[in-house]
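Undergrad: Following this message is one structure expressed as structure tokens.
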Amino acid sequence: MTKKLVQKIIPFIREEGSRGVTTIAIVRCRAASDTTSASIVEALQDVITQWCQESDDGIFCWSYSCGDLNIGDLSQYDKSFVGTHGKALMDKGIHDFEILWLGDVSESIPFDRVLAHSAVLEEEE
């Protein structure tokens, strides 16, 4: 019996000492509900290693990254990666892989920021 696939969201963060979190990338894919983020990353490492050995873009990306290919480097080539190695990802249980967002968090908004005008709504009560 085939396991039902569910959406998985994996945040990748860069922390820089006293500055804290400076960069974040959000990865989305579908996998079995019992699949952990760690096992998704392990599968990605296996398939990305293949991609870096077998495709021109992968070989270039590895070289360009100076041997420490991370999510930021992959974000420049994610369409090429999925295009050539999407089947290998699916064989490892990872479907519809995409990097949704990569960016600097210097202008981020706190998670708990109230998104309605409290004072206006409290006046109406």
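Undergrad: For residues in region 57-75 being surrounded by 15 or more Cβ atoms within 10 Å (Cβ to Cβ), out of contact with any strand residue (DSSP E or B) (no Cβ under 9 Å at 6 or more places or on another chain) and not charged (D, E, K, R), which is farthest from ILE13 (Cα to Cα)?
TA: Among residues in region 57-75 that are surrounded by 15 or more Cβ atoms within 10 Å (Cβ to Cβ), out of contact with any strand residue (DSSP E or B) (no Cβ under 9 Å at 6 or more places or on another chain) and not charged (D, E, K, R), the one farthest from ILE13 (Cα to Cα) is GLY58.
Undergrad: Among the residues that make up region 83-101, is at least one of them of a type in the set (Ser, Thr, Tyr) and at pLDDT 90 or above? Give the derivation first.
TA: First, pick out the residues of region 83-101 that are of a type in the set (Ser, Thr, Tyr): 84.
If we keep only those that are at pLDDT 90 or above too, we end up with 84.
Yes, region 83-101 has at least one match.
Undergrad: While we're looking at this one, here's another question. What's the number of the condition ALA38 fails, among (1) over 29 Å from THR2 (Cβ atoms); (2) free of Cβ contacts under 8 Å to residues at least 12 places away in the same chain; (3) among the aliphatic types (A, V, I, L, M)?
TA: Here ALA38 clears every test but (1).
Undergrad: Quick check on region 30-56: of everything there that is of a type in the set (D, E, K, R) and closer than 17 Å to ILE99 by Cα, which residue is surrounded by the fewest Cβ atoms within 10 Å (Cβ to Cβ)?
TA: First, pick out the residues of region 30-56 that are of a type in the set (D, E, K, R): 30, 34, 42, 46, 54, 56.
Add one more test, that the residue is closer than 17 Å to ILE99 by Cα, and what stays is 30, 42.
Working: ARG30: 16, GLU42: 12.
My answer is GLU42.
Undergrad: Let me ask another. Given the conditions (1) without any contact (Cβ under 8 Å) to a residue 24 or more places away in the chain; (2) within 22 Å of THR84 (Cα to Cα), report the number of the one that ILE48 does not fulfil.
TA: Failing condition for ILE48: (1).
Undergrad: Can you tell me which condition GLU123 does not meet? The list is (1) modelled with pLDDT under 95; (2) crowded, with 16+ Cβ neighbours inside 10 Å, and all the others hold.
TA: Here GLU123 clears every test but (2).
The values are calculated or read from the model by the stated rules, or taken from the named source; none is laboratory data. Note that the structure is a prediction, hence the values are computed from the model and not measured. Cβ atoms come from the backbone with ideal geometry, glycine included; neighbour counts cover every protein chain shown.
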